[in-house]
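One structure below.
The values are calculated or read from the model by the stated rules, or taken from the named source; none is laboratory data. Here the structure is a predicted model, which is why all the values come from computation and not from measurement. Neighbour counts run over all protein chains shown; Cβ positions are idealised from the backbone, glycine included. Just so you know, the surface numbers come from the protein's heavy atoms only, side chains and all, with ligands and any DNA or RNA stripped out. Shrake-Rupley method; radii C 1.70, N 1.55, O 1.52, S 1.80 Å.
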Amino acid sequence: MRRLIASTFLTLDGVMQAPGGPGEDDDNGFAHGGWSVNYWDDVMGEFMGESMGQPFDLVLGRRTYDIFAAHWPRVPDEEGAKPLNDATKYVASRSRPTLQWRNSVLIEGDVAEGVAALKQEDGPELQVHGSANLHQTLLRHNLVDEYRLMIFPVVVGSGKRLFGDGAIPAGLKLVDSRVSTTGVVIGTYLPAGELVTGSFALD
């Protein structure tokens, strides 16, 4: 069985929309694209290198796929390019796009069922990067096995959130953490079952 990993850049107020640049995703008038760019450092580079230093395939939404496909095949010698170009890319899309980046496969039919079927196969772990809309489907169907979250010291006020309205209440277990020199908190979390509540009230 293959594990599915959600690898996500987040603001302090939980937004994952358009971390890489203006125009990356301006849905609903989002005007803060590129909020992550000035915080990159060697600690983050090391963490990403560890994440992509083992075999993996990708599960991507259409918008993130198009962004990746427009960049990584053109820079095959850039650091990090080879594992992304070599990985099989499973793409979720409501249309039937032509997928020209090599090793790209359209997820046919229902996306949640398609991803669940992929997880039952033998093969490397499945990593999801970006893909805000796809994440909501994965979360609703309890398909995420691990979260690798990079939380940036910025607040943008609105935008697409990883845990959006309707997220299933649940506990998480922190299994690894580090902090970049620029204040990015990097945490790896595993699902820990149902949310358990309590009270500080005196009996």
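Starting from the Cα-Cα distance between residue 194 and residue 141, subtract it from 0.36 nm times their residue separation and give me the gain in nm to one decimal.
Computed gain between residue 194 and residue 141 is 17.7 nm.
With +1 on each Lys and Arg Cβ and -1 on each Asp and Glu Cβ, and nothing else charged, work out how big the dipole of region 18-140 is about its Cα centre, in Debye to the nearest 20.
The calculation lands at about 540 debye.
Hey, how much of the P(r) for region 46-203 falls beyond 28 Å, as a percent of Cα pairs? Walk me through the numbers on the way to the answer.
On the way: 3388 of 12403 pairs.
In whole percent, the share of Cα-Cα pairs in region 46-203 beyond 28 Å is 27.
Once neighbouring chains are kept in place and the probe is 1.4 Å, which whole percent of the accessible area of the chain is contributed by carbon and sulfur?
Working: 5740 of 11170 Å².
Accessible surface attributable to carbon and sulfur in the chain totals 51 percent.
Which one, 118, 83, 48, is farthest towards the positive end of the dipole of the chain when Lys and Arg carry +1 and Asp and Glu -1 on their Cβ?
118
What accessible area per residue, rounded to a whole number of Å², is obtained for region 1-114 using a probe radius of 1.4 Å?
Working: 6090 Å² over 114 residues.
So region 1-114 comes to 53 Å² accessible per residue, rounded to a whole number.
Counting only helical runs of four or more DSSP H residues, what would the 222 nm mean residue ellipticity of the chain come to if each run contributes -39,500 (n - 2.57) and the total is spread over all its residues?
Dividing the helical sum by the residues of the chain leaves -6500 deg cm²/dmol.
Do any GluC sites (Glu not before Pro) in region 6-78 lie in a DSSP loop with no more than 13 other beta carbon atoms within 10 Å, and if so, which?
Passing sites in region 6-78 are 78.
If you wrap region 1-91's Cα atoms in a convex hull and average its projection over all directions, what's the area in nm²?
For region 1-91, averaging the hull's shadow over all directions gives 7.0 nm².
Over all alpha-carbon pairs in region 130-176, figure out the percentage whose distance exceeds 12 Å. Could the numbers behind the result be given before it?
Details: 756 of 1081 pairs.
That tail contains 70 percent of the Cα-Cα pairs.
Can you pull out the trypsin sites (Lys or Arg not before Pro) in region 50-101 that DSSP calls coil and that have at most 16 other Cβ atoms within 10 Å?
Answer by residue number: 94.
Rounded to the nearest 20 Debye, what is the dipole magnitude of region 50-203 about its Cα centre when Lys and Arg each give +1 and Asp and Glu each give -1 at the C-beta?
Its charge dipole is roughly 580 debye.
Taking a ≥ b ≥ c as the square roots of the eigenvalues of the Cα gyration tensor of region 46-126, is the shape rounded (a/c under 1.5), prolate (a/b larger than b/c) or oblate?
On the way: a/c = 2.31, a/b = 1.28, b/c = 1.79.
Oblate, because a/c is 1.5 or more while a/b does not exceed b/c.
Where in region 152-203 are there chymotrypsin sites (Phe, Trp or Tyr not before Pro) that are in a DSSP coil and have at most 14 other Cβ atoms within 10 angstrom of their Cβ?
Counting only loop positions with at most 14 other Cβ atoms within 10 Å, the chymotrypsin sites (Phe, Trp or Tyr not before Pro) in region 152-203 are 200.
Kindly list the residues of region 1-28 that lie in the label zone of residue 38, defined by a backbone N under 20 Å from the point 7 Å along the Cα-to-C-beta vector.
Residues 9-25 qualify, since their backbone N sits under 20 Å from the label point.
What nm value, rounded to one decimal, do you get for the distance between residue 158 and residue 81 when each label is placed 7 Å out toward the C-beta?
For the pair residue 158/residue 81, the computed spacing is 3.9 nm.
Over 14 Å apart: what share of the alpha carbon pairs of region 2-50 falls there, rounded to a whole percent?
Working: 703 of 1176 pairs.
Looking at region 2-50, the distances longer than 14 Å represent 60 percent of pairs.
Convex hull volume of the Cα atoms in region 114-203, per residue, in Å³?
Convex hull of Cα atoms, per residue: 173 Å³.
Can you tell me the convex hull volume per residue for region 108-156, based on C-alpha atoms, in Å³ to the nearest whole number? Working shown, then result.
Working: hull volume 5.1 nm³, N = 49.
It is 104 Å³ per residue.
Run the paramagnetic zone check for residue 31: 7 angstrom along Cα to Cβ, then residues of region 127-160 with backbone nitrogen under 18 Å.
Inside the label zone: 155-160.
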